Amino acid sequence: MGELTILRDWRAVPEHARGASVALGNFDGVHRGHAEVLRAAHAARPDAPRAVLSFAPHPREFFRPDDPPFRLTLEAERADALAALGVQILVELPFDRAFSALSAEDFIDAVLHRGLGAAHVACGADFAFGHRRGGDARLLATHCAALGIGLSVVPHLDDAEGPISSTRIRRLLQDGYPERAASLLGREPVVRGEVVHGDARGRTIGFPTANIALGRHLEPARGVYAVSALFPDGIVRRGVANIGRRPTVAEGAIARLEAHWFDFDGDLYGATLSVALHHFIREERKFESFEALRGQITRDADAARAWFNAPSGGA
């Protein structure tokens, strides 16, 4: 994976980043359909730097701040996923009131042409941009041709069930199907965040946990998962995690992921982990006692180990 340059000001693009072939979109999840747009951008101009132009925050977060969290990948995870697909330059533009007022025509002329000096752009067939989403692929084609910018409009990538989309992946995760979500993403879905202090109750019943707030992540189906993560020491470890609001402890204000890592008893506080969700084991439920909870966690851990050890499992 090469070095990724992240730029946040289209008015100050360094010379080495100009003349790129630029894939356009929000790229939430960086799924297989997004990968097709990236491939089209590179195939059209293999001599040009490989770039993505996206936004932070996601426009939906800006316009509808009171909506429940919906993101599949936050900015750091998105950047890593794009770099893994060969992207060299990520233009991550701050999406604010002023930018949202930019017309579609000005976006093409000021941002793509004069700002980035784009040699080529690629987008999905349903890409919309500019003030009130006034621009589409047809407008992009007309204006890019006039400015000497090449354009690839990439049709939806379909499987047997229809177009691959972030919306469809979100629904699969909310319904408790991480394996099916992974088949559309091209990798396991993850929750990425800093390990924070909990109440240490898990340690008292023999299952210490690493706690990560879901924050702006989409909340997957509440319950227990087989999980894995790359640790700061470079080792991938497996474990079992609960996602939800801890009904047995009755502290249900904030959704979070609590992971117990097999054969590990180190200190992870302050570390950032990307926890991959492999397999949904059971729904979240409330237990009558901590002893009953402890017994269930033991069974959950056994189920996660068995899944990883099965021929079709594995991290």
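The values are calculated or read from the model by the stated rules, or taken from the named source; none is laboratory data. Treat the numbers as computed from the prediction; the structure is a model and nothing was measured. Note that each Cβ is placed from the backbone with ideal geometry, even for glycine, and that neighbours are counted across all protein chains shown.
Listed values, structure above:
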{"read-out": "Residue within region 38-54 that is modelled with pLDDT of 95 or more, closer than 20 Å to I164 by Cα and out of contact with any strand residue (DSSP E or B) (no Cβ under 6 Å at 6 or more places or on another chain) present", "value": "yes"}
{"read-out": "Filtered residues of region 139-191 (kept if in contact with a Phe, Trp or Tyr (Cβ under 8 Å, 6 or more places away or on another chain) and closer than 30 Å to I243 by Cα)", "value": "R170, G176, Y177, P178"}
{"read-out": "Elements of type strands (runs of 3 or more DSSP E) in region 117-229, at least 1 residues being more than 21 Å from the chain's Cα centre (by Cα) and touching a residue at least 60 places away in the same chain (Cβ under 8 Å)", "value": "120-124, 150-154"}
{"read-out": "Selection within region 103-116 - assigned to a loop (DSSP other than H, G, I, E, B) and crowded, with 17+ Cβ neighbours inside 10 Å", "value": "L116"}
{"read-out": "Residue among H131, H120, H156 that alone is in contact with a helix residue (DSSP H, G or I) (Cβ under 6 Å, 6 or more places away or on another chain) and of a type outside the set (V, I, T)", "value": "H120"}
{"read-out": "Scope region 126-155; condition under 16 Å from V30 (Cβ atoms) and either among the β-branched types (V, I, T) or in contact with a Pro (Cβ under 7 Å, 6 or more places away or on another chain) (or both); matching residues", "value": "V154"}
{"read-out": "One residue from L93, L102 being in the same structural domain as A56 (by TED's automatic domain parsing), farther than 22 Å from A17 by Cα and modelled with pLDDT of 95 or more", "value": "L102"}
{"read-out": "Count of region 267-302 residues which are without any contact (Cβ under 8 Å) to a residue 24 or more places away in the chain and within 17 Å of R245 (Cβ to Cβ)", "value": "1"}
{"read-out": "The listed residue being farther than 30 Å from P69 by Cα and in contact (Cβ under 8 Å) with a residue 12 or more places away in the chain, out of A17, A35, A12", "value": "A17"}
{"read-out": "Given (1) buried (at least 20 other Cβ atoms within 10 Å of the Cβ); (2) farther than 30 Å from V275 by Cα, index of the condition L24 fails", "value": "(2)"}
{"read-out": "Scan of region 161-194 for residues that are surrounded by fewer than 16 Cβ atoms within 10 Å (Cβ to Cβ), under 14 Å from E77 (Cβ atoms) and among the small types (G, A, S), ordered by number", "value": "none"}
{"read-out": "Selection status of L151, at pLDDT 95 or above and either under 16 Å from A41 (Cβ atoms) or aromatic (F, W, Y) (or both)", "value": "yes"}
